[in-house]
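The values are calculated or read from the model by the stated rules, or taken from the named source; none is laboratory data. Quick caveat: nothing in here was measured; it's all calculated off a predicted structure. Note that each Cβ is placed from the backbone with ideal geometry, even for glycine, and that neighbours are counted across all protein chains shown.
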Amino acid sequence: MANILDSIIANKRREVEAMARLGGEIPAAVSSRPTVSMKQALTDSPTGIIAEFKRRSPSKGEIHPLALPSDVIPAYEKAGATACSVLTDTVYFGGALTDLAQARCRASLPLLRKDFIVDRRQIAEARFYGADAILLIAAALTRPEVEDLTGYAHSLGLEVLFEIHNAAELDRFTPEVDMVGVNNRDLRTFATDPQLSATVARELPDGVVKVAESGLSTMNEVRQLREAGFRGFLIGETFMRNADPGKALSEFLKS
């Protein structure tokens, strides 16, 4: 399944182009709701779990196809999640912006819009539908694009999680981003290497809030990464494969 990322990004740019044709200028109306700092929540949390809501993935197929954010997100919050990530890509992950809106209505913890963002319109959407932070993927963007989209996100009160898959992608890093995530899943092949985060951690800038993403399945892995300087741990499939993702998170934290 080589070059999955290229296919996803190409489709995302087509979606954005269609959005631009239908909607013209970037919508000015955004939510007046005060945002919640995901960066601060991770810094203060003893666990730093970013529990993810997703129904499927290109590599694993259906994970929890009938899951509802109105059920899962409050259960995550009750179980002790520090923040939640909501997949909003429809074609490849079975998500929607309405999932983000439902999550916002049912939870007070920070919400990350997890999507493949390539345009300011998507950031305005994220703010309108209830996100507190957005994801920018280094492999999908140039450094000028990262700088522009980060600045725009900040102008709307949103934080930025900047995601890399190897140290070489730090050439697109800008100090203005709020958090740096190391994705243990290669988005071109979707293969995972749980040790990648620890390896890349040594190359990350001092003082940045570090987030480990994907492929984590035990609290022991989380503890080891905390010792390596990570403060956030984005975990989805480990919880979402269970009939009750909130209960799965609760048991995970106790292990």
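Remarks
- Among the residues of segment 226-255, those identified as over 18 Å from the mean Cα position of the chain (by Cα) and among the aliphatic types (A, V, I, L, M) are Ala228, Ala243, Ala248, Leu253.
- Put simply, of Glu176, Glu203 the only residue that is modelled with pLDDT under 95 and either under 19 Å from Ala51 (Cβ atoms) or touching a helix residue (DSSP H, G or I) at 6+ places or on another chain (Cβ under 7 Å) (or both) is Glu203.
- Residue count for segment 144-171, restricted to those that are in contact (Cβ under 8 Å) with a residue 60 or more places away in the chain and crowded, with 18+ Cβ neighbours inside 10 Å: 3.
- Segment 206-253, residues that are in a loop (DSSP other than H, G, I, E, B) and either more than 21 Å from Ser37 (Cβ to Cβ) or among the polar types (S, T, N, Q) (or both): Ser214, Gly215, Leu216, Ser217, Thr218, Ala228, Gly236, Arg241, Asn242, Ala243, Asp244
- Every residue from segment 187-224 that is crowded, with 19+ Cβ neighbours inside 10 Å and either of a type in the set (Phe, Trp, Tyr) or under 18 Å from the mean Cα position of the chain (by Cα) (or both): Leu187, Leu196, Ser197, Val209, Lys210, Val211, Ala212, Glu213, Ser214, Gly215, Leu216, Val222
- Residues of segment 141-184 that are over 17 Å from Ile9 (Cβ atoms), within 14 Å of the chain's Cα centre (by Cα) and not aliphatic (A, V, I, L, M): Glu159, Asp178, Gly181, Asn184.
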